[in-house]
Structures are given as structure tokens and as C-alpha cells.
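Working notes, structure below.
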Amino acid sequence: MNKYILCLFTLVAFSSLGAQTSTKDLDLETSLIEPQRIIKISDSHYFIDFGKAFFGNVEITSNESQNDSLIIHLGEKLDGEFHIDRDPGKNIRYRSSKLNTLVPNQAITPEIQAYKRNTTGAAIMLPEDIGAIIPFRYCEIENLKVPIESIEIKQKALHFKFNDDASAFSSSDPIMDSIWELCKHTIKATSFTGYYVDGDRERIPYEADAYINQLSHYSVDNEYSMARRTNAYFIDNPTWPTEWLLHTVLMFHADYMYTGDIEPLKQNYENLKLKTLMDLERADGLISSKSPNLTKDLMSKLGFKKANDKLKDIIDWPPAQKDTGWKLATPEGERDGYEIVDVNTAVNAFYYYNLKLMTEIATVLNKTEDAEFYKKKAKLVKATINSKLFDAEKGYYIDGEGSTHSALHANMLPLAFDLVPEEHVATVAEFVKSRGMACSVYGAQYLLEGLYKNNEAEYASSLISNTEGDRNWWNMIQVGSTMTLEAWDVKYKPNADWNHAWGGTAPLNAITRYMWGGIKPKMAGFKVADINPQLAGLTFTSIKVPTKQGFILAEYKQESNQNDVYTVTIPENMTAEFTLPKNFKKVSLDNKKVKGKSLFLTLESGTHHINIAY
């Protein structure tokens, strides 16, 4: 059984210039985790499996003394059944250390050599009394002279406070269940700095990584301070990709929708306006990172501190092999051959979505003129994208102005951001489906969103549960990781790590927010929840979703091809709008026939039984 010892630490965060700023009360915890297996390899050599990887160290307590030194090996990856890989790859972690003695009844933690890159510069730093930590699942002990029964060895895991019981998911698809658990554990295990960082390679917050992490965290726990701390960090510490900057408004909007708190919007409104990159707009509404308006003065206002800082469109990562020099499994990298032109579709899709959300934010803050201003701009940008960046003959979008190429990204982003006119949704969706998983784990977030939002639930769910090939989440489990990888496989990104919560956890929030009823706030603070089931292919499933108001519980069972049964529990101080399928014949709510043909049911607080006949 895990033992939780609450520890409040003061951490030191480094800005992009490396200047120290103190933060307090990050609500970090240390969990002491018992081994799942201890295997004797020889008389003095033991292999220990803790079941899942966490960031931390081991703690050893002995009943007997040993004056001779022990060698401790910690790692994420195996080389053989009971042997930790001593050379696992560039950023897959392994460390060995020496314990000189064992002192009876004294808990000892070996010293681990830190990695320079993630403990200097812009990395989020841990306090000195924590010491160096690494992500690991396995431990080997060599030269243990006392009986193994005389020692207690535990995984000393560092993580943000986390309510394991705040969420749950199960279904008739065991693959999907395994992937959901993989993603949930990743959210907990990667929280060890109190910020949403990009993984162990750098330990730096990046906006796109953090946004996906935020959505997935909100799907499994109703604790919002870590997201809010990370959001505040980005105000003064932006990163270089154009689209990453364009995630800032998305993060603050998500915080408001889940918490109902308008204070962060008030405090950062002027900065959020800047980070829409509206200053780069030309007369027809489209923006470009190549705009002459992107001056050093504007870069400084955006939060960049170096004179040579520049924005660069990223589309996806890694780019083509010719651009990186890396030996990649596919020469095109993760961009699906995207042709990056000065005015491109991906960047402008994000820009449109920023304007759409800023309309909502300005409305909430009672800035009526601003709201109307953003609404008009959003309308113009949408019209321009659809007139200049849409190929009417093909029925889908090109990569940008002057391009003749159409990549997955140029089409899945318009789908995800509600840019596609209704008459073109079918052809854009078909093109998206024809490309398969031609994007990274980051791009998969928007691929899944675009599909679920446009009646392609069956295909979207098949991507989550796919076990063929290696461009899927199942491969992450198969290679031996218990956290999501930075890439589909190391061969697609040679410096990838095994502990990235960015798009790697996209299935977690997609299942909650889109597949299982689209359980997400319809009104800020979850005063009204939106439940729109898209459970294609599942015969039963249940879910527990945390909200600020409490927990939403939902169960589904397919009693026959003509009958679906839902049981939904709504917490106090909340109502929910439950969307019915368009092809239903009869509906009963709490054993009472629902009259009329409305596609919505209003569920008040309490438990409700919904029977849908086809």
C-alpha cells in the first residue's frame, strides 16, 4: 500500500534568462511505494519492480548493518527480463549510485547524479534538499550482504497532490482502458515540479505541452492551482513557436471554464490581447510570423527577453529529416509534408480560435466594445481562410497561401476549431481520415478533437484503441513504458523521452470531453455540464469525472441494437444538458416517457436513468 507523506516545498523557477524567482506552497507530496516484485538474481544481487515509473529515488531501511558498499541501479527500461538497460537511449533514464554502508534502522536515499540540461538554465528547479531525481520503475541492488528480508526498499515518488479516487473509467474495450490508465498515471507522475513541464529532458514549460497537460489534468482531478501557476509563468516566459504562443489564450480560457474565476482573465487581459498576435494581421485578417510588424519592441512586449528572439512556425515536431539532420523513421517527420509558407493555414486556424475565445473573454469581463471587435475580426478571418486557403475543387484546405500541398494539419485544425463550413465538413473529414496518424502525439490532440466534434467518433475511437503498427498509444505500453512517450516511438524522434504528458495524454481528455458524453463545462465553473455521448463501438462503459462542484458519474449499457441505457449522477449546484442521438424513436427519463422530439434533456442534481430506443 502507498503511504503518503505531505511535504510543502519551496521551489525555484528559472525564467528564460535563468533568473531565480521563488514560489511557495506547491502542494507536492512524497509517496512511498512498495515493490510489486523482488527477484533474486544471485546471492547478493536483486531486481526490484515497483510496477510504474515515477520521478524520485529509492529509500532503503535495514534491520542490520553492512559495512561494505552496495551498488544501486535505477532505470525506466529493461534489457532482458530482470536486467535494467544500462544504455537505454539518449533521454530514457538510467543512473547507478553507491551506498557506502547500511546503518540499522536508518532510512537512506542514495545520491543520484543530476542531468545538467534539466537542472540548469531555463529548467524548473527542485530545492536542494530534494536532491537529484529521475523517472524510474526498476531497481537493482548489487553486493547486498544482509538478507533481503532485513531491508525495506521503497520507491520515493515526488508528485503534485493528487486524488487518485477523483476519476475512473472502464469499458468493453480493454485496450482503451489500458491507455486511459497509462495517461492518468502520466498526469500524476509528471507533476513533480509543480508546473506542467515538457518531460525530463528539459523540465521546461511549453505552452502547447502545458495546454494538453491541463485538459488531461482537469479530466482526472479537480485541483486547478498547478495549471494556474503554469499559466502565470507563460505571461513572462513565452516560448519560440508561433502556435505555442497562440495556446496562451486557450489555457486561460480553459481555466475560467473549469473554475469560473475571472480574476486571471482580468489581471492578464492586456497580455492575452497581445498573445493573440493580432498585431501581425494584414488587411484581409490573416497573420504571419514573417510580418514586418513583428518588431523587437513587440517581441519584448510579448515577454521575450533576448534581442535575437524570433517566432517560428512549428506546425508539428519533429519536422522533416532534411530540416533536423536526425535519422528519422520517416523522412517527412511529423508534419505530413506540410509546406510552410509565410501565411499558413495552421497558424491562422489558431489565430481564428484565439479571436473566438477572446470574444467570450471580453464578454465575461463586460468589455462590450472589445467583444464586438473580436467577433467581427473572427468572422473576417474565418471568411478569408475559407476563401483563400480552401481548395474548392478538392474539397479541403491547402497548407497556406500559394501552396498546392494539403497536409493533415491544415485540415484537422480547421475541423477542431469550427472553421469548416457545414457543406464542406464531409470532404475535409474524409481527407483527414485518409491521412491516418500522420502527426505527432501533440497533433493527435487536435486530430481527435476535430473528428469527435464532426461526427467521426467511430474513427476517432479506433485511433485511440489501435494496436497495429507503432504510431499509436498501445505501442507506448508495448515498449515497456508506464508513462506516455514524447513521440510514437524513439525512432520517430531520436531524443524522445519516456515521460511526456503533452499529446501523449490526448486520449485521456478526448475520452472525457468528447467520447464519453463530451463531459465538459457548458457554463463557467461547471454550473452547467455538457454531456453528448459518442460511444461508438462500446457495449458498456462507466466514467467518473471531477468538477469544481463535485463528481459526475455516468454509466452506459447497450441492452440491444435498439436500446441504450444511461445512468447519470449530477452533483449539487449543477445541471447538465444531455444530448440525444438524432435517430432515436423513444426516450424515457427516470421511467417517464419524454414527449416531443427535442434532442436535449435537462438533468438536475441527482441520479437519472435514461432509456433510448431506436
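The values are calculated or read from the model by the stated rules, or taken from the named source; none is laboratory data. Keep in mind that this is a model prediction, so the values were computed, not measured. Glycine gets a Cβ as well: all are built from the backbone with ideal geometry, and neighbour counts include every protein chain shown. To get the accessible areas, we keep the full protein, side chains included, count just its heavy atoms, and leave off ligands, DNA and RNA. Shrake-Rupley method; radii C 1.70, N 1.55, O 1.52, S 1.80 Å.
Quick rundown of the values:
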read-out: When the convex hull of its Cα atoms is projected in every direction, mean area for the stretch 328-396 (nm²); value: 6.6 nm²
read-out: Solvent-free Debye scattering, log10 I(q)/I(0), computed from the Cα coordinates of the stretch 458-614 at q = 0.08, 0.11 Å⁻¹; value: -0.30, -0.53
read-out: Space enclosed by the convex hull of the alpha-carbon atoms of the chain, per residue, Å³; value: 164 Å³
read-out: Pairwise centroid distance, computed over Cα atoms, of the stretch 130-179 with the stretch 507-544, Å; value: 29 Å
read-out: Highest to lowest packing among 132-140, 150-158, 400-408, scored as the average C-beta count within 10 Å; value: 132-140, 150-158, 400-408
read-out: Inter-label distance, nm, simple model (7 Å from Cα along the C-beta direction), THR324/GLU401; value: 3.0 nm
read-out: Which listed pairs, of LYS188/LYS491; LYS290/LYS376; LYS296/LYS522, have C-alpha distances above 30 Å, in listed order; value: LYS296/LYS522
read-out: FRET E, pair ASN386, ALA536, Förster distance 35 Å, beta-carbon r, rounded to 0.05; value: 0.75
read-out: Mean ellipticity per residue at 222 nm, deg cm²/dmol - from DSSP H runs of n ≥ 4 across the chain, formula -39500 (n - 2.57); value: -8500 deg cm²/dmol
read-out: Order by protection proxy (mean Cβ within 10 Å, highest first), peptides 231-242, 427-438, 351-362; value: 351-362, 231-242, 427-438
read-out: Amide N proximity, the stretch 52-89 versus GLU142 label position 7 Å along Cα-to-Cβ, cut-off under 12 Å; value: 70-74, 84, 86
read-out: Within the chain, percent of DSSP bridges classed antiparallel, to nearest 5; value: 95 percent
read-out: THR119-LYS586 pseudo-label distance in nm [points 7 Å out on the Cα-to-Cβ vector]; value: 6.9 nm
read-out: Rel. contact order, % - alpha carbon contacts under 8 angstrom, at least six apart, the chain; value: 13 percent
read-out: Cα centre as origin, Lys/Arg/Asp/Glu Cβ charges: the stretch 262-359 dipole, Debye; value: 400 debye
read-out: For LYS520, distant residues with modelled amide H under 5 Å away; value: ASP530
read-out: Note, ³J(HN,Hα) from phi for the stretch 497-504, Karplus 6.51, -1.76, 1.60, rounded to Hz, x at Gly and Pro; value: 9, 9, 8, 10, 8, 5, x, x
read-out: The stretch 141-230 pair-distance distribution - Cα-Cα, 10 Å bins, rounded %; value: 14, 39, 24, 16, 8
read-out: Of the DSSP H helices in the chain, those whose Cα atoms cover at least 24 Å axially and whose Kyte score averages 0.0 or more; value: 345-364
read-out: Reachable lysines from LYS377, criterion Cα separation under 19 angstrom, eight or more residues apart if same chain; value: LYS273, LYS275, LYS356, LYS367, LYS388
read-out: Accessible surface of the chain [probe 1.4 Å, protein heavy atoms]: carbon and sulfur percent; value: 48 percent
